[in-house]
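Take a look at the structure below.
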Amino acid sequence: MITFCLSTFNTINYLKLAIRSVRENSYYKDAPFVIHSENCTDGTNEWLEANKEKYNLELYLEKNETPRGIGGGMNFCASKVKTKYIGFLSSDFYVAKDWDKELVNICENNPDKQLWTFSYRVEPNIFNDLNSRPGTYKVPVDYFGEMYNNFDEGLFIEWAEQFSKINDGLSIKKPEGVSGVISKKDWDYIGGNDDRFSPMYWEDADIFIRMLNEGFDFVLTSKSVLYHFASRTSRFPDDNFKTRPKHLEEYENRSTRRFIEKYGKYPDYDENGCYLKMLPKDGSLNRI
């Protein structure tokens, strides 16, 4: 029914949590699991090789002078999928019980729609703003833990179950990060992420806008919950929340310029924070 896909770069401690949570907590826990590891130097490849049979992983370990990055890693993983659905994950996720079941069910119940379904996210408030947004609930850092070594898995699993019950039926029309469940057919139709935004930043806004332009729908549901360690893969990979690596700032500035060149301006949003349609100003097609 579904293949889990995860692309990673030097986040071994969070990756271990993510993979174990998928295998222990997913409804389709025995589904194929494609892992793309790119340019990892922190022991990720060695750990994956040692645990590929334990977690039944299909591994692709690459060293690329020009990195695929987040969007390119998703494209690469998706190219290996032979099932009806793709379940995209990030290495800074920890999924709650049956997170995948409802996402697949929504797709199955809407066979005539081009659809991408997403989990409700819970995040530690590492930036002390406490401003939750539709689809994301921020908690104090000491509630579940803000790092891999102090995360309370049992408490989060129990909390997530109660959260889903209390908010039963809460559904928001918006995407939330490049994750969730989408049919392989719909992914191939849109053509995946635009390589101009590699290795990271703005690839998510771009693909969501292109999908909106093509008539896609998004559904984010409280019946599916995950914990997002927040910015570990794209901003603070070394858990230092005060100093951001310089090269990541350069990547973001470059991708921002490329987005403006493509669309002519920053995106607009509706009341839920969902992107609005935007036509590319440079003649680019929605379908790559």
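The values are calculated or read from the model by the stated rules, or taken from the named source; none is laboratory data. Everything numeric in this text was worked out from a predicted model, so none of it was measured. For neighbour counting, all protein chains shown are included, and Cβ atoms are generated from backbone atoms with ideal geometry for every residue, glycine included.
Quick notes on this structure:
- Test: F76 is in contact (Cβ under 8 Å) with a residue 24 or more places away in the chain and surrounded by fewer than 15 Cβ atoms within 10 Å (Cβ to Cβ): no
- Within region 158-171, the set of residues being out of contact with any Lys or Arg (no Cβ under 9 Å at 6 or more places or on another chain) and either farther than 15 Å from K223 by Cβ or buried (at least 20 other Cβ atoms within 10 Å of the Cβ) (or both) comprises E158 only.
- All conditions in (1) at pLDDT 95 or above; (2) in contact with a helix residue (DSSP H, G or I) (Cβ under 9 Å, 6 or more places away or on another chain); (3) assigned to a loop (DSSP other than H, G, I, E, B); (4) not hydrophobic (A, V, I, L, M, F, W, C) hold for S234, with the sole exception of (1).
- Of residues in region 54-73 being closer than 16 Å to Y14 by Cβ and in contact (Cβ under 8 Å) with a residue 40 or more places away in the chain, the one surrounded by the fewest Cβ atoms within 10 Å (Cβ to Cβ): I70
- The criterion of being of a type in the set (A, V, I, L, M) and within 28 Å of E146 (Cβ to Cβ) holds for V95.
- Test: residue in region 38-53 that is under 21 Å from G177 (Cα atoms) and touching a residue at least 40 places away in the same chain (Cβ under 8 Å): no
- Just one of the listed residues (Y120, Y137, Y148, Y189) is on the phi < 0 side of the Ramachandran plot and assigned to a loop (DSSP other than H, G, I, E, B), and it is Y148.
- In region 263-288, the residues that are touching a residue at least 12 places away in the same chain (Cβ under 8 Å) form Cβ pairs under 7 Å with partners that are in a loop (DSSP other than H, G, I, E, B) and small (G, A, S), at six or more places apart or across chains, as follows: K281/G264; R287/G191; I288/G191; I288/G192.
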